[in-house]
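The values are calculated or read from the model by the stated rules, or taken from the named source; none is laboratory data. In this text the structure is predicted, and so the values were computed from the model without any measurement. Using ideal geometry, Cβ is built from the backbone for each residue, glycine included, and neighbour counts are taken over all protein chains shown. Side chains are part of the model used for accessible areas, which takes the heavy atoms of the whole protein and leaves out ligands, DNA and RNA. Shrake-Rupley method; radii C 1.70, N 1.55, O 1.52, S 1.80 Å.
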Amino acid sequence: MLMKIIAALMFAAAGTVGGLSGAGKLKNNLEICRETGELMRISGILIRFQGLDVYELSVRLKSSPELCGLTFLNELPVRFSEGENYHEQWKKAVMSQGNLPEDEQRILLAFGEMIGTSDLQGQLTSISGFEAELDTLEKRRKEDFLRKGRLYRSAGTLFGVMAGILVI
């Protein structure tokens with residue numbers, strides 16, 4: 001009987017952990033979205049007021065503590081090297097970060113293709129479009145986290161307890 005109780009508790013714990021994991025993924029997606037939006041805001045400010053090129057921008061983005069969840073920034077080049085394409089390096093760096101949600105990855109890839117390829121005003125216009133898209137996406141991610149996060153935690157615990165009861 002003791003083994004059945006231990007097994008039941010293990011199932012309940014596993015269900016709870018599973019629910020917390022699902023809610024954690026939603027929270028991570030929200031944080032990545034917020035940081036991607038912050039990357040756009042910082043980039044817009046640096047380009048507008050300081051006219052930074054892509055390499056100077058990379059240095060500044062890497063040193064921004066608000067962007068610590070965007071680990072791909074650490075792989076960006078900080079100076080020009082003959083024969084290397086900044087935009088390809090940006091793409092490779094973004095693709096190397098495994099936890100980027102699809103929408104944020106798409107926006108970051110588009111940003112990387114655009115940055116440094118047009119005049120200052122063209123870049124700022126594109127960044128504004130990305131910011132607007134990210135604002136909408138952040139609202140959706142926040143709603144998902146609030147609604148689905150609670151559901152995942154509750155359902156995980158409930159299913160774990162139900163499985164534990166079945167074992168007993």
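Here are a few things to note about the model shown:
- Cα gyration tensor, segment 41-107 - rounded (a/c under 1.5), prolate or oblate: oblate
- Positive-pole candidate from S96, I115, Y55, dipole of the chain, charges at beta carbon: S96
- Taking 7 Å steps out from each Cα toward its Cβ at R41 and N28 produces label points 2.4 nm apart.
- When only the Cβ of Lys, Arg, Asp and Glu is charged (+1, +1, -1, -1), the dipole of segment 1-116 relative to its Cα centre reaches about 480 debye.
- Extension gain (nm, one decimal) between S81 and R48, 0.36 nm per residue minus Cα-Cα: 9.4 nm
- Taking 20 Å as the straight-line reach from the Cα of K92, the aspartates and glutamates in range (excluding those fewer than 8 positions away in the same chain) are E35, D53, E56, E75, E82, E84, E102, D103, E104, E113.
- Bridging of K27 to lysines at a Cα separation below 24 Å is possible for K62, K139, K142, K148, once same-chain residues fewer than 8 apart are set aside.
- Remark: relative contact order (segment 23-81) = 37 percent; criterion is Cα-Cα distance under 8 angstrom and separation of 6 or more residues.
- Rounded to the nearest 20, the size of the Cβ-charge dipole of segment 46-100 about its Cα centre is 140 debye, with Lys and Arg at +1 and Asp and Glu at -1.
- In the chain, the longest principal axis of the Cα atoms and the axis of helix 86-96 are about 0 degrees apart.
- The C-alpha atoms of the chain define a longest principal axis, and helix 120-167 lies at about 10 degrees to it.
- For segment 35-165: accessible area per residue (Å², 1.4 Å): 56
- Centroid-to-centroid separation of segment 25-66 and segment 154-168 [C-alpha atoms, Å]: 43
- When E143, E31 are compared by accessible surface with a 1.4 Å probe, the order from highest to lowest is E143, E31.
- Under a model in which nothing but the beta-carbon of Lys, Arg (+1) and Asp, Glu (-1) is charged, segment 108-157 shows a dipole of about 640 debye around its Cα centre.
- Potential lengthening between K142 and Y55 on full extension [0.36 nm per residue; Cα-Cα distance subtracted]: 28.0 nm
- Estimated FRET transfer efficiency (M162, E113; beta-carbon r; R0 45 Å; 0.05): 0.35
- Relative contact order for the chain, counting Cα pairs under 8 Å that sit 6 or more residues apart, in percent: 49
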